[in-house]
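Bear in mind these aren't lab numbers, they're just calculated from the coordinates by the rules spelled out. These numbers come from a predicted model, not from an experiment. With ideal geometry, Cβ positions are generated from the backbone for all residues, glycine too; neighbour counts draw on all protein chains shown.
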Amino acid sequence: MQQWFKSGSPWIWMTAGAVSISLISVIGLLSLIAWRGLSFFWPSPVHEFQMKVNQHAITQQTIIGEIYDRETIPTSQLRSAGVHLDGYREETATRYLVKTGNREFVELDFRWILAHDIEQMQTPEGMAVFERTQNGNFYGYLVAVSRDGNLIKNDLQNMLSDVLERTSSINEQLYDLQHDEIGRINYQIEKLRLKQRALEINNDLTEDKRQKIEADVQALKQEYAVLEKQLFALRDESARDYVVVKDMRGKEVQLNLSQVLDVYYPNDMSFFGKIGHFFAQLGKFITDEPREANTEGGVFPAIFGTVFMVMLMAVIVTPFGVVAAIYLHEYAGNHSVTKIIRIAVINLAGVPSVVYGVFGLGFFVYMLGGSLDKLFYPEALPTPTFGTPGVIWSALTLAILTLPVVIVSTEEGLSRIPSSVRQGSLALGATKAETLWRIVIPMASPAIMTGLILAVARAAGEVAPLMLVGVVKLAPTLPVDGNFPFVHVDRKFMHLGFHIYDVGFQSPNIEAARPLVYATAFLLVSVIVALNMTAIGIRNHLRERFRALEQ
């Protein structure tokens, strides 16, 4: 045994065991997040509960909803909370967390109901779930469908599907008209207003220029009036059709189909039908915009903002980090000042990220951005253009945050290149700059990509500094659109990490938001993995390409 310990084998097994435990823990954590997040998109059966009506607890006989959670708790805990359990003598009781929806007619969107109070629980056929733009889901039975003013009560599911498809097409036209054409006109009118004010500030506004601007504005307003008529006509056409639904109160309710996004019947679905619905809902989550205080809808703006900010940060940090590493390793001498700089770079990696956020807010936003506004955008003041948090300041802040990682990784890659390679290049007549550009940097490119991978992994998950320099709860427009100059780096943006924080801790409806926290967290991990895998693929390609130089 003593010889076995001296051989070092126990430490090898301990290291392997620690790595295995860490790997299993990571896989288990990701599996838990994926299961809790992706199961949200699986169509749950809608139950109809017939309740015992009594004066202490239940006043509504029928409850319709989805079971979100169930738990077993001691009856003593329920009695201490004031719950009456007449005739119930068991030590524990089961209760269900039921999502009832129908917010405008029912007081509680989520409610706990005791199994003791349930007389009958069933999953009836024909139960419809309406996904709406406002007030969440609506549960009930189809009674009639109104199409073009005609109330139809036969073949309701097919008729509703046809009418809803037509209404969805009209809503898409409304969205495109409002965000593209009308948005473009509003943007141009604002640009003309700022142009006129800039001429006034510079005392260069002549009567001819003023009349030209007014004529352009008038032409845009006339075009706006035409589009506005089309918008109102589409709204009237979209609001014409409705569906009559019988809810849990036993009352018939009219739902305007302009506010209905989808309708499905989970109790009537086959297994393959549920799989199709699962992928359809997952696609909507990825491609749609959020709604209902981010507790409903999708996260596409957050995905776009995260990827755009990370790519912009990578474009900024890579050249600065590589140039700094080349200077420290190839040009600066090995003296005390260089040692101090290296120690400072390493220490910068340990600074809390929120400190970088405070620095970005004070230096980039207020100082640099405010100066840019005074120099180039005085006509927009006091409304700031660059003197307010935006995606460019977020990218710069995270570039400074991840700069030490790129510098250290690049310098390590440069140190692994034999000095004989440099000397051979210089002996053949190449200059030092040519040697660096054609020999050293290509051979160090895998190490540069490694630093970029680490920088992307850290930057994509940071939230604290972004809360100060650009990220918001809901961004009405993306940083990229069809208006010149097409890429608007001064705009605020959404971020998956901040979206998780906002939904999980700032949501007014925490029960509805909880599954979205897991889904968004899994999506954020997937985005980071996708970005890292792309960078790793590029690194491996560069490594194979320049392997001959290393030999």
Open item on the list: Just to compare against my own numbers: the Cα pair-distance distribution for segment 46-124, 5 Å bins, whole % per bin, please.
Closed with: 3, 15, 26, 26, 20, 8, 3, 0
TODO: For segment 420-427, take each phi angle, set θ = phi - 60°, evaluate the Karplus expression 6.51 cos²θ - 1.76 cosθ + 1.60, and give the result in whole Hz per residue in order, putting x for glycine and proline.
DONE: 5, 5, 5, 5, x, 5, 5, 5
Task: Cα-based Rg of segment 399-450 normalised by 2.2 N^0.38 Å, two decimals - done: 1.26
- [ ] Calculate the translational D of the chain in whole µm² s⁻¹ from Stokes-Einstein, where the hydrodynamic radius comes from the Kirkwood formula applied to all Cα pairs, the temperature is 25 °C and the viscosity 0.890 mPa s.
- [x] 85 µm²/s
Open item on the list: I'd like the Karplus ³J(HN,Hα) series for segment 435-447: coefficients 6.51, -1.76, 1.60, θ = phi - 60°, whole numbers in Hz, and an x wherever there's a Gly or Pro.
Closed with: 4, 5, 6, 9, 10, 6, 5, x, 5, 8, 4, x, 5
Open item on the list: Would you report the distance distribution of C-alpha pairs in segment 360-443 as whole percents per 10 angstrom bin, up to the bin with the largest distance?
Closed with: 16, 27, 16, 18, 17, 5, 0
- [ ] Would you order T520, T318, T206 from fewest to most other beta-carbon atoms within 10 Å of each residue's own beta-carbon?
- [x] T206, T318, T520
Task: Taking the C-alpha atoms of segment 304-494, convex hull volume expressed per residue in Å³ - done: 150 Å³
Task: GluC sites (Glu not before Pro), loop per DSSP, at most 14 other Cβ atoms within 10 Å - longest free stretch of the chain - done: 126-551
Task: Computed [θ] at 222 nm, deg cm²/dmol, the chain (DSSP H ≥ 4; -39,500 (n - 2.57); rounded to nearest 500) - done: -18000 deg cm²/dmol
TODO: Determine the equivalent ellipsoid of segment 9-163 by diagonalising the alpha-carbon gyration tensor, then write out the semi-axes as square roots of 5 times the eigenvalues, largest first, rounded to whole Å.
DONE: 41, 29, 12
Task: With at most 15 neighbouring Cβ atoms within 10 Å, loop chymotrypsin sites (Phe, Trp or Tyr not before Pro) (DSSP) excluded, longest segment of the chain - done: 106-485
